[in-house]
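Q: Here it is, the structure, as structure tokens.
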Amino acid sequence: MNFDLSMPAQLSSALGPDLLLMGGAMLLLVWAGWRRESDEHQRSVGILSIALCIFTMVAVGYYAYKGYTASVGVIAVDNFRWITDEILLIATIGTIAMSLDYNRREGITPGETHVLLLLATSGMMILAAARDLIIVFLGIELMSIAVYVLVGINRRTERSAEGAIKYFLLGAFSTAFLLYGTALVYGATGATNFVEIRDHIVRFNLERNGLLLVGLGMLLVGFGFKVAAAPFHMWAPDAYEGAPTPVTAYMAAAVKGAAFAALFRLWLEAFPTLLTTWHQAVWWLAAITMIVGNVVALAQRNIKRLLAYSSIAHAGYILVAVEVGTSLGSSAFLFYLFAYTIATLGAFGIVVALGRSGEDNMNVEDYAGLWSVRPGLAVAMAVFMLALLGFPIFGGIGFFAKWYVLQAAMQSAFPQTRLAIILVVTSVVSAGYYLYVVMVMFMKPRADTARLPERAGGWTRAVVWGSVAIILIFGLFPDAIVSFTQRSAPVVGKQFAPQASNGVALTPR
């Protein structure tokens, strides 16, 4: 079926999964506020939220199975959108599952916490579908406002309030860049739709238009803040440390993934003729992000800050796929996003499982001798660290994720040799902190005064062991994911020519 997006009824049908999640979230919001706050009530809201996410995943799968398409309009209807939606919903289910146990331990009783996650995810799904700068802005605002509240939802800790304030201020700052960039692009091209922007750039020879180039730069800065790319990453460590651990996992995986999906589609659909302009900027952004994230992570001893800088480094790896700007780069991006989301959820699941009320044991040294008291959790954490490192076999799907990004970089029309070398070298550097966590768990003796970790809740264990299973199984049989991501690449990736619009060949790096 081909949706005619100029007709409101068909536009609503094309947004079917998104509207299902939004409508269900609104109903759950009413029900969450109807009864008095209690742990039992927040858990029931959480379980229903998980059920709603599963129903939405089924709806997304149905749309993908039917092969729905759409005419040019404000949203996209393609496999790139569907697979991104599925990854975002998986991250949401994992986050809510961890929150069920985490909220009980920390005394967080509002059921609205789970509804906020659903609303944030609906904004992310809008981002994944957006083909218009106005829709991008709406998606970012819907996502960001909910996440601002979630970061500061634990009102019993000063760290949570501090992280929320920093995230809110810098988030608003980055949104201003996005909005101003949108205004400048509109002023230069007279359009906000991605396809129309591309057509107007070609028709009116706007490749050197100063207004357009400044707007493009502001859009890149705004997205740089959203994905925590260096040097726009300053908010991430404090926000990640202060937020409730499940929310930190959600920010590191889902928020970053949705912003990258919007950036990828914007770059490939709206600005393919400006390849020479944004190519250089994204190249340097990727290189600096990989270097800064990995080098600074070496000095971290707080597990949440360590994983925060790890997520910054992974933003650099994903930017390599964005910088390539081809169908193979799109496929590598989706594969990497899936692998990174699963590994991140699992790693933070271990942090939740081993945490205590007040989260006063976030030092890596607190994991010393974990192998001797909780061998299962130690092995699971080792799998997640090796997956994030990209270690062969034991890192499972994580190894293939980096391999496909490298493959995309080297097989593009202009092989990105230097960027690939930086990716490999910084991945080796990352072994210094990933393997340090493994070494502490397996080789350092446990202090005699150390408290025995309490048994993790059932929902958290399900997230941890489900993540381990996915990483190892698809590490042995990655072809199913690879073939699906290859079919999900946006068609626009094929529009890249070996030369820029002015006929000057790009210089390989």
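Q: Return the long-range amide H neighbours of Ile75 (sequence gap of 5 or more, or a different chain), with a cut-off of under 5 Å between placed amide H atoms.
A: Arg131
Q: Any lysines with Cα under 20 Å of the Lys402 Cα? List them, leaving off those in the same chain fewer than 8 positions away.
A: Lys256
Q: Quick check: pseudo-label points 7 Å beyond the Cα along Cα→Cβ at Ile165 and Ala480, how many nm apart are they?
A: If labels sit at Ile165 and Ala480, their model points lie 4.9 nm apart.
Q: Using alpha carbons only, how many degrees (0 to 90, rounded to 10) separate the axis of helix 397-410 from the longest principal axis of the chain?
A: 20 degrees
Q: Next up: Using amide H atoms built in the peptide plane, which far-off residues or other-chain residues are under 5 Å from Gln416 H to H?
A: For Gln416, whose amide H was placed from the backbone, the distant partners under 5 Å are Met410.
Q: Further question: Taking the mean number of other Cβ atoms within 10 Å as a proxy for protection, how do you rank 316-325, 188-197 from highest to lowest? All intermediate terms of the calculation are to be shown ahead of the outcome.
A: Values: 316-325: 26.3, 188-197: 19.5.
Packing proxy ranking, top to bottom: 316-325, 188-197.
Q: Once all Cα-Cα distances of the stretch 391-442 are split into 5 Å bins that start at 0, what whole-number percent is in each one?
A: Taking all Cα pairs of the stretch 391-442, the binned fractions are 4, 19, 21, 24, 15, 9, 5, 2, 1, 0 percent.
Q: Once you put a point 7 Å from the Cα of Leu435 and another 7 Å from the Cα of Ala469, both along the Cβ direction, what distance in nm separates them?
A: So the two model labels end up 3.1 nm from each other.
Q: Among Gly390, Phe333, Val440, whose Cα projects farthest towards the positive end of the dipole of the chain, with charges put on the beta-carbon of Lys, Arg (+1) and Asp, Glu (-1)?
A: Val440
Q: Once you charge only the Cβ atoms, +1 for Lys and Arg and -1 for Asp and Glu, what is the size of the charge dipole of the stretch 175-257 about its Cα centre, to the nearest 20 debye? If you can, show how the numbers build up before the last one.
A: Numbers: 5 positive and 5 negative charges, 34 e Å.
That gives the stretch 175-257 a dipole magnitude of about 160 debye.
Q: Same structure again: Let me know the Rg and Dmax you get for the chain when you use only its Cα atoms, in Å.
A: Cα-based Rg and Dmax for the chain come out at 21.9, 74 Å.
Q: Rounded to whole Hz and in sequence order, give me ³J(HN,Hα) for the stretch 236-246 from the Karplus expression 6.51 cos²θ - 1.76 cosθ + 1.60, θ = phi - 60°, writing x for Gly and Pro.
A: Result, rounded to whole Hz: 4, x, 5, 5, 5, 5, x, 5, x, 3, x.
Q: Any idea what the dipole of the stretch 25-181 comes to, in debye rounded to 20, about its Cα centre with Lys/Arg Cβ at +1 and Asp/Glu Cβ at -1?
A: Details: 12 positive and 13 negative charges, 28 e Å.
Computed about the Cα centre, the dipole is about 140 debye.
Q: Also, I was wondering about something else. Can you find, among Thr56, Ser71, Ile87, the residue farthest towards the positive end of the dipole of the stretch 36-89? Put +1 on the C-beta of Lys and Arg, -1 on that of Asp and Glu.
A: Farthest along the dipole direction, towards plus: Ser71.
Q: Whose amide H sits under 5 Å from the amide H of Leu298, counting only residues 5 or more places off or on another chain, with H placed in the peptide plane?
A: Under 5 Å from the amide H of Leu298: no residue qualifies.
Q: What does the accessible area per residue of the chain come to in Å², with a 1.4 Å probe and no ligands, DNA or RNA counted? Kindly include the intermediate steps, with their values, before the conclusion.
A: Numbers: 18830 Å² over 509 residues.
Ligands and nucleic acids excluded, the result is 37 Å² per residue.
Q: Roughly how many nanometres apart are two label points built 7 Å out from the Cα toward the Cβ at Ile54 and Leu452?
A: Placing both labels 7 Å beyond Cα along the Cβ direction yields 3.4 nm.
Q: Sticking with this structure for a sec: Nearest 10 degrees, 0 to 90: what angle lies between the long axis of helix 158-189 and the longest principal axis of the chain (Cα atoms)?
A: Tilt relative to the chain: about 10 degrees.
Q: Right, here's the next one. Can you run phi through the Karplus equation (6.51, -1.76, 1.60; θ = phi - 60°) for the stretch 48-57 and list ³J(HN,Hα) in whole Hz, with x for Gly and Pro?
A: Listing the rounded values in order: 5, 5, 4, 4, 5, 4, 5, 4, 5, 4 Hz.
Q: Which stretch or stretches of the stretch 221-259 have amide N atoms under 15 Å from the point lying 7 Å from Glu158's Cα along the Cα→Cβ direction?
A: 242
Q: Where the only charges are on Cβ atoms (+1 Lys, Arg; -1 Asp, Glu), what is the dipole of the chain about its Cα centre, to the nearest 20 debye?
A: On the way: 33 positive and 29 negative charges, 127 e Å.
In debye, rounded to 20, the chain gives about 600.
Q: Would you report the distance distribution of C-alpha pairs in the stretch 348-499 as whole percents per 5 angstrom bin, up to the bin with the largest distance?
A: It works out to 2, 8, 14, 17, 16, 13, 10, 8, 6, 4, 2, 1, 0, 0, in whole percents.
Q: Could you state the angle between the C-alpha long axis of helix 194-203 and the longest principal axis of the C-alpha atoms of the chain, as a value from 0 to 90 degrees rounded to the nearest 10?
A: Between the helix axis and the principal axis of the chain, the angle is about 30 degrees.
Q: Further, regarding this structure: How do the peptides 421-434, 74-87 rank, highest first, by the average count of neighbouring beta carbon atoms within 10 Å per residue?
A: Put in order of decreasing packing, that is 74-87, 421-434.
Q: If you average the sequence gap of Cα pairs under 8 Å that are 6 or more apart and divide by the length of the stretch 72-141, what percent do you get for the contact order? Walk me through the intermediate numbers first.
A: Working: 50 pairs, mean separation 32.9, N = 70.
Reported as a whole number, the value is 47 percent.
Q: Could you sort 132-142, 340-350, 9-19 so that the peptide with the highest average Cβ count within 10 Å comes first and the rest follow in order?
A: Working: 132-142: 20.9, 340-350: 28.5, 9-19: 18.3.
In decreasing order of mean packing, 132-142, 340-350, 9-19 become 340-350, 132-142, 9-19.
Q: Shifting gears a bit: Taking only the Cα atoms of the stretch 35-77, how large is their convex hull per residue, in Å³?
A: Numbers: hull volume 3.8 nm³, N = 43.
Value for the stretch 35-77: 89 Å³ per residue.
Q: Show me, for the stretch 98-108, the HN-Hα J-couplings you get by feeding each phi into the Karplus relation (A = 6.51, B = -1.76, C = 1.60, θ = phi - 60°), rounded to Hz, glycine and proline as x.
A: 5, 5, 4, 7, 5, 4, 4, 5, 8, x, 8
Q: For the stretch 188-337, how big is Rg over Rh, using alpha carbon atoms and the Kirkwood form of Rh? Can you show the working numbers first?
A: On the way: Rg = 16.3 Å, Rh = 16.0 Å.
Over the Cα atoms of the stretch 188-337, Rg/Rh equals 1.02.
Q: When the label point is put 7 Å from the Cα of Trp34 along its Cα-to-beta-carbon vector, which residues of the stretch 45-88 have a backbone N closer than 13 Å?
A: Correct set: 45.
Q: What FRET efficiency do you get for Val195 and Gln280 if R0 is 25 Å and r is their Cβ-Cβ distance, rounded to the nearest 0.05?
A: Values: r = 24 Å, r/R0 = 0.97.
The pair Val195/Gln280 has a calculated efficiency of 0.55.
The values are calculated or read from the model by the stated rules, or taken from the named source; none is laboratory data. These numbers come from a predicted model, not from an experiment. Because the Cβ atoms are built from the backbone with ideal geometry, glycine has one as well, and the counts that use them run over all protein chains shown. When the accessible area is computed, the model is the full protein with side chains, heavy atoms only, and any ligands, DNA or RNA have been set aside. Shrake-Rupley method; radii C 1.70, N 1.55, O 1.52, S 1.80 Å.
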